[in-house]
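These notes concern the structure reproduced below.
The values are calculated or read from the model by the stated rules, or taken from the named source; none is laboratory data. All values reported here derive from a predicted model rather than from experimental measurement. Here Cβ is always computed from backbone atoms with ideal geometry, including for glycine, and neighbour counts include all displayed protein chains. Remember, those area values only see protein heavy atoms, side chains included, never the ligands or the DNA or RNA. Shrake-Rupley method; radii C 1.70, N 1.55, O 1.52, S 1.80 Å.
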Amino acid sequence: QVQLVESGGGLVQTGGSLRLSCAASGRTFSSYAMAWFRQAPGKEREFVAAVSWSGSTYADSVKGRFTISRDNAKNTVYLQMSSLKPEDTAVYYCAARLAGRSSYYPGYDYWGQGTQVTVSS
């Protein structure tokens, strides 16, 4: 069982930056592919970024602005968000799976509770 706890969300102006963190329980964190998804009001959950031992993947909408990274010693995955836009406003969720990274959200086994990111125009 893996428990995920996100933090770092908040209110930021257009063009600003935020760093989200996701702390994971368990002793096999390095074995998991980790991902960030987001969900805006009235919209479906969408893929943002994922990281595994073999590399990282990004949604086209965030490429060049967001960076996903992980610290296996701290059981933590991060999402550094820069040049934020109002359309980035959403609840951001951390997810984990014991397989390779994927952009398909039903493929993830564990989810955090989410953290709100609001970008004002």
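For first residues located in the range 87-105 and hydrophobic (A, V, I, L, M, F, W, C), partners that are open to solvent by 10 Å² or more (accessible area, probe 1.4 Å) and in a helix (DSSP H, G or I) and lie 6+ apart or on another chain with Cβ distances below 8 Å form the pairs ALA95/TYR105; LEU98/SER31; ALA99/GLY107.
A residue that is surrounded by 14 or more Cβ atoms within 10 Å (Cβ to Cβ) and among the aliphatic types (A, V, I, L, M) cannot be found anywhere in the range 97-113.
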